[in-house]
Amino acid sequence: MTKKNFVFLVLTVVGGLLFALGMCMCLLPEWNAFKPGVVVTALGAVTLLVIGLVRWIMAGKPVAKINWSKMGKVAYCVMAALVLGTGMAMIMAFEGMMIPGIIVGIVGIVLGLGIIPVFKGLK
C-alpha cells in the first residue's frame, strides 16, 4: 500500500466515524448531546472535505480548474438532495412534522427526477 493510499484510508475512516458519531449525538435525544454533536459532525465533515485536497496534493497534480458552466447543474443536484434530506429529517426527527415532511420529500424527489433532463436535455 502506498503512502498516499494509507493516508487516504486513515482520513476517510476517521472523518466518517466522527461524522457518524456527531450525527448520532445530534439526532438521538437519549444522548442529550446536541451541541457537542454539531461540533463533532462539523469536525468530521471538514476532515472528509480535506481528504480530497490531501489526495490531490499527494498525487502531485496541478490546481484544478473549475468549469463554471457546469456549476449550475451541480448546484441543482445538491439542491435536490438537500430538499429530499430536509423532508426526511422533518419526518424522522421532529414531532408533528410528518405531513410537511412528506410534502418537502416529494418536492425533493420531483427535483431529483429533473436531474437527467437538466444534464442531458430533452429531445
Residue-wise HN-Hα coupling along segment 14-31, computed from phi with Karplus coefficients 6.51, -1.76, 1.60 (Hz; x: Gly, Pro):
4, x, x, 5, 4, 5, 5, 5, x, 5, 5, 4, 6, 9, 9, x, 5, 6
For the chain, what Kirkwood radius comes out of the mean inverse Cα-Cα distance, in Å?
17.3 Å
Apply the Karplus parameterisation 6.51 cos²θ - 1.76 cosθ + 1.60, with θ equal to phi minus 60°, to every residue of segment 93-110 and state each ³J(HN,Hα) to the nearest whole Hz, in sequence, with x for glycine and proline.
9, 10, 6, x, 10, 5, 5, x, x, 5, 5, 5, x, 5, 4, x, 5, 4
Using the beta-carbon distance between Val10 and Trp31 and R0 = 22 Å, what value does 1/(1 + (r/R0)^6) give for FRET efficiency, to the nearest 0.05?
0.25
Percent of accessible area on segment 1-89 owned by carbon and sulfur, 1.4 Å probe?
78 percent
Leaving out same-chain residues fewer than 8 places away, which lysines sit with a Cα under 27 Å from that of Lys120?
Lys65, Lys70, Lys73
Accessible surface, the chain, averaged per residue in Å² (probe 1.4 Å)
75 Å²
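The values are calculated or read from the model by the stated rules, or taken from the named source; none is laboratory data. Since this is a predicted model, take the numbers as computed values, not measurements. With ideal geometry, Cβ positions are generated from the backbone for all residues, glycine too; neighbour counts draw on all protein chains shown. Keep in mind that these areas ignore ligands, DNA and RNA; they rest on the heavy atoms of the full protein, side chains included. Shrake-Rupley method; radii C 1.70, N 1.55, O 1.52, S 1.80 Å.
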